[in-house]
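Notes to accompany the following structure.
The values are calculated or read from the model by the stated rules, or taken from the named source; none is laboratory data. Note that the structure is a prediction, hence the values are computed from the model and not measured. Protein only, heavy atoms only, side chains kept; ligands, DNA and RNA dropped before computing areas. Shrake-Rupley method; radii C 1.70, N 1.55, O 1.52, S 1.80 Å.
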Amino acid sequence: MNRNDQQFMAQKIRTQYMEKQSTKLDDLRELDSRVKRPANVFAYTFGSISAVVMGAGMSLVMTDIGAIVGIASAMIPGIAIGVVGLGMALLTYPMYKGILNSRKKKYGAEIIKLSESIINK
């Protein structure tokens, strides 16, 4: 390994131990993620749960799991559970947009102010 490679590796390792200074752009990225993260977590979680509920209803209708569980006629409960899951899935996006818009209102002025200071340097 030549001298330049050694210096490069030493600098790379050194930067891992240096204290990182926060810039305005880092602060802006953090605010942006603070706006979007709760809405995304909700959408993924609620959407996944609704898909599982809808799948459970479909399983009751299409297989003999109902008979194994002890339900004589699983068609009606299966359809009901599937429709509930479908309704939940359909509500996921409007609820996501509602959460996102409320977070944008909460942090919007701060994000605009910070982005203006970055743009108009």
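Just the accessible area for LYS36, please: 1.4 Å probe, Å², rounded to the nearest 10?
For LYS36, solvent-accessible area is about 90 Å².
To the nearest 500 deg cm²/dmol, what mean residue ellipticity at 222 nm is calculated for the chain from DSSP H runs of n ≥ 4 alone, each contributing -39,500 (n - 2.57), summed and divided by the residues?
When only DSSP H runs of four or more count, the value is -30500 deg cm²/dmol.
Using 0.36 nm times the number of residues separating LEU86 and ASN2, minus their current alpha carbon distance, what extension gain do you get?
Roughly 23.9 nm would be gained on extension.
On the full set of protein chains, 1.4 Å probe, figure out the accessible area of SER48 and give it in Å² to the nearest 10.
Here the accessible area works out near 70 Å².
For region 7-51, what is the convex hull volume of its Cα atoms per residue in Å³?
Taking the convex hull of the Cα positions in region 7-51, it is 121 Å³ per residue.
Taking a 1.4 Å probe, which of ARG34, ARG103, ARG14, ARG3 shows the most accessible area, and what order do the others take after it?
ARG3, ARG14, ARG34, ARG103
Give the span of the chain's Cα atoms along each principal axis, as three whole-Å numbers ordered largest to smallest.
77, 48, 17
Quick test of the membrane-span-like rule: which DSSP H helices of the chain reach at least 15 Å along their long axis (C-alpha atoms) with mean Kyte hydropathy at least 0.0?
Correct list, ordered by number: 24-62, 75-119.
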